[in-house]
Amino acid sequence: MSAEIWNRVDDYLEASFGFEDPVLAAARVASTAAGLPEIAVSAREARFLALLATMAGARRILEIGTLGGYSAIALARVLPADGRLVTLEFSPKHADVARANLAAAGLADRAEVRIGAAIDTLAALRAEAPAPFDFVFIDADKENYPAYLEAALALVHPGAVIVADNVIREGAVADASSADPRVAGTREYLARLAAEPRFLTTVIQSVGRKGYDGMAISVVRSL
Ligand code: SAH
Ligand code: DHB
Ligand code: MG
């Protein structure tokens, strides 16, 4: 088993289902052309996120970590016409690219990119007392995942879904003695999910174009 077969299967599935339609393809090409790192979710993962958001009946989506807006486009597209996506990005350059990609996708009316360290923009968002979010996708700096979970919890309602990317890290997540702060952040994130009865959680291990990684999927229950 190797990356070669994982890539070949993703090629096959993408060709069969058209996971990467011209709008998403254009966003990926524009992001790479602008020099952004190629770390967006894969087309198949983007469909998975869109599927989860649809299953959750999401009308308000919060994303932490925008990059060029690839996952934001996939998520905002499944919103109803009066739905809203807010996505948080530290890098003004990434945010510029994302805004252009969201506009090209025809989603400028329902997607908003906010620039700043997410810890700060989450606090600012909370101060606005917005209507609660139905779906949260956490995909920024892994060290701060525990803080993002806490902030997200204050911004959602019971029944909301919280998804976190990159929680397997080629298996490194199982290494309690890892010196990698991203592993430590991920482990603390999962520990908090496990410790809090309000979360109903599973963790998906996956292989594919993005290597061996996975997502944590949680529902916030009303207890
Ligand atoms: N969700 C995107 C990929 C996000 S990559 C997609 O799948 O298309 C992670 C992004 O988080 C990068 O753009 C990075 O600049 C941003 N980021 C890193 N640290 C951050 C922070 N402290 N606050 C907000 N964004 C941050
Ligand atoms: C990295 C970040 C991501 O969110 C991802 O999906 C893959 C890689 C990174 O920072 O290297
Ligand atoms: Mg990611």
Using only Cα atoms, locate the centre of the range 92-136 and the centre of the range 150-179, then give the distance between them in Å, rounded to an integer.
20 Å
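Working out 0.36 nm times the residue gap between ALA179 and ALA104, then minus their Cα-Cα distance, what length gain in nm do you get to one decimal?
Working: separation 75, 0.36 × 75 = 27.00 nm, distance 4.14 nm.
Residue separation times 0.36 nm, minus the Cα-Cα distance, leaves 22.9 nm.
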First measure r as the distance between the Cβ atoms of VAL219 and ALA131, then evaluate 1/(1 + (r/R0)^6) with R0 = 22 Å and state the FRET efficiency to the nearest 0.05.
0.70
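Let me have the 222 nm mean residue ellipticity of the chain computed from DSSP H runs of 4+ only, each contributing -39500 (n - 2.57), with the sum over all residues rounded to the nearest 500.
Details: 8 runs with 94 residues, N = 223.
When only DSSP H runs of four or more count, the value is -13000 deg cm²/dmol.
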Spread of Cα-to-Cα distances over 10 Å intervals beginning at zero, given as percent, for the chain:
8, 34, 39, 17, 1
Theoretical gain in end-to-end length, GLU196 to THR32 [0.36 nm per residue, Cα-Cα removed]:
55.1 nm
With a 1.4 Å probe and every protein chain left in place, work out the accessible area per residue of the chain in Å², rounded to a whole number.
46 Å²
Of all beta bridges DSSP finds with both residues in the chain, what is the antiparallel percent, to the nearest 5?
45 percent
Scan the chain and hand back the longest stretch that contains none of the trypsin sites (Lys or Arg not before Pro) lying in DSSP loops with at most 13 other Cβ atoms within 10 Å.
1-197
Over all directions, average the projected area of the Cα convex hull of the range 1-108 and note it in nm².
7.3 nm²
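When only the heavy atoms of the protein chains count and the probe is 1.4 Å, how do VAL183, VAL78 rank by accessible area, highest first?
Values: VAL183 5, VAL78 60 Å².
Largest accessible area first, the list is VAL78, VAL183.
The values are calculated or read from the model by the stated rules, or taken from the named source; none is laboratory data. Keep in mind the model is a prediction, meaning the values are calculated, not measured. Positions of Cβ are generated from backbone atoms using ideal geometry, with glycine treated the same way; all protein chains shown enter the neighbour counts. Protein only, heavy atoms only, side chains kept; ligands, DNA and RNA dropped before computing areas. Shrake-Rupley method; radii C 1.70, N 1.55, O 1.52, S 1.80 Å.
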